[in-house]
Amino acid sequence: MNQIDRLLEIIATYQRHGWSLRRVLLTAEAGTLPANETLAGIEVEAAIFDAVWFSRPSYEQREAWELRLVADTPYALFETFESDETGEQREELRCEMEARMREHVTRRTDA
């Protein structure tokens, strides 16, 4: 299975479980995304790893975000945001999550 097919399978699975697709991070090697309804209006960013951002409502008016690596072996980072956190605070934490994912991918490829 190629990376784009794997990515589309991950998106479909998460959406079946109530997650909303927010962003896609793709390497140049992954290829390009097909134009379809599932990906309409979704931000695609160049990255050094392939991953997908999802969100959904969480308990006590929080919002859950998950960064899912597109790989054979499932790996994801998860965080919840308080309703009073600013967009800037949320984006800062998402950047930290992407840095942790980069570290994970780097360690995995170095092994």
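The values are calculated or read from the model by the stated rules, or taken from the named source; none is laboratory data. The shown structure was predicted, so the numbers you read here are calculated from the model rather than taken from an experiment. When we count neighbours, we look across all protein chains shown, and the Cβ atoms used for this are built from the backbone with ideal geometry, even at glycine.
General remarks:
- Test: residue in segment 93-107 that is closer than 18 Å to Thr27 by Cα, touching a strand residue (DSSP E or B) at 6+ places or on another chain (Cβ under 9 Å), of a type in the set (A, V, I, L, M, F, W, C) and without any contact (Cβ under 8 Å) to a residue 12 or more places away in the chain: no
- Sole residue being touching a residue at least 60 places away in the same chain (Cβ under 8 Å) and either farther than 20 Å from Arg100 by Cα or among the β-branched types (Val, Ile, Thr) (or both), chosen from Ile48, Ile10: Ile10
- Residues located in segment 19-37, provided they are farther than 17 Å from Met1 by Cβ and either in contact (Cβ under 8 Å) with a residue 40 or more places away in the chain or more than 11 Å from the chain's Cα centre (by Cα) (or both): Trp19, Arg22, Leu25, Ala28, Ala35, Asn36, Glu37
- Checked against (1) more than 13 Å from the chain's Cα centre (by Cα); (2) at pLDDT 95 or above, Arg62 meets all criteria but (2).
- Answer from Ala51, Ala35 - the residue that is farther than 23 Å from Glu85 by Cα and modelled with pLDDT of 95 or more: Ala51
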